[in-house]
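Here is the structure we will look at.
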């Protein structure tokens, strides 16, 4: 599993996966804990045309657009987070 420190200094200390059992492209909803002290809920795992990807928690604006509530601000953190989440999801599938 890909839990551990990254160059940016944050450590993913827990990833919790809730599978979604439906025919939709959304496969799971995830909560990620950082440094045993901060958690981000409602990260989604989506099945794309070529691979799985993550979508950060968002809310609908009055203009019917979706805006992220929390998100990585650089590609290094986004890659680290997405890789850790997808690895945990895939290992959970194997365990089932």
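The values are calculated or read from the model by the stated rules, or taken from the named source; none is laboratory data. Note that this is a predicted model, so its numbers are computed, not measured. All Cβ positions, even for glycine, are placed from backbone atoms using ideal geometry, and neighbour counts span all protein chains on display.
Could you check region 17-39 and list, in sequence order, the residues that are out of contact with any helix residue (DSSP H, G or I) (no Cβ under 9 Å at 6 or more places or on another chain), farther than 16 Å from residue 96 by Cβ and assigned to a strand (DSSP E or B)? Matches in region 17-39: 26, 29, 31, 33, 34, 38, 39. Residues that are over 16 Å from the mean Cα position of the chain (by Cα), part of a strand (DSSP E or B) and free of Cβ contacts under 8 Å to residues at least 40 places away in the same chain do occur in region 1-8. Give me the pairs, please: first residue somewhere in region 70-96 and surrounded by fewer than 17 Cβ atoms within 10 Å (Cβ to Cβ), second residue anywhere and in a loop (DSSP other than H, G, I, E, B) and modelled with pLDDT of 95 or more, beta-carbon distance under 7 Å, and either six or more positions apart or on two chains. Qualifying pairs under 7 Å: 70/56; 70/57; 71/56.
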